[in-house]
Amino acid sequence: MRFDKKMDWLEKVARNVMLFVGISGVLVIYCGFLFLLFSGRDTTVLPWYLLISPWVCIYFGLTQAKQLAVIEWFKHKIVRKK
């Protein structure tokens, strides 16, 4: 097996692991956050980046074309056209 083929395989595995970790993180963290919120417990001790971190894993698990599409979507949402 050639080196570039091994790197392609490794990149695909790494992306799939990042997607799995990100999706699992979204489910676990957000379900836990909602549980704390609806049970009346204080959620101010949770740092804000805890809710964003799984989305970073999902972003880096995407292909480069999809990453660029996400950036363009955010630009379109943030910049208002006159």
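The values are calculated or read from the model by the stated rules, or taken from the named source; none is laboratory data. All values reported here derive from a predicted model rather than from experimental measurement. Backbone-built Cβ (ideal geometry, glycine too); neighbour counts: all protein chains shown. Side chains included, ligands, DNA and RNA excluded: accessible areas come from the protein's heavy atoms. Shrake-Rupley method; radii C 1.70, N 1.55, O 1.52, S 1.80 Å.
Which condition breaks for ASP42 when tested against (1) outside any helix (DSSP H, G or I); (2) surrounded by 11 or more Cβ atoms within 10 Å (Cβ to Cβ); (3) among the acidic types (Asp, Glu)?
(2)
State whether the residues of the stretch 3-12 include one that is assigned to a helix (DSSP H, G or I) and among the aliphatic types (A, V, I, L, M).
yes
Name the residue, out of LYS5, LYS66, that is at pLDDT 90 or above and either touching a helix residue (DSSP H, G or I) at 6+ places or on another chain (Cβ under 8 Å) or among the basic types (Lys, Arg) (or both).
LYS66
Under 9 Å between Cβ atoms, which residue pairs at least 6 apart in sequence (or on different chains) link something in the stretch 1-23 that is on the phi < 0 side of the Ramachandran plot with a partner that is outside any helix (DSSP H, G or I) and open to solvent by less than 60 Å² (accessible area, probe 1.4 Å)?
ARG15/LEU62; MET18/LEU62; LEU19/LEU62
With respect to PHE35, determine if the residue is open to solvent by 80 Å² or more (accessible area, probe 1.4 Å), in contact with a helix residue (DSSP H, G or I) (Cβ under 6 Å, 6 or more places away or on another chain) and not polar (S, T, N, Q).
no
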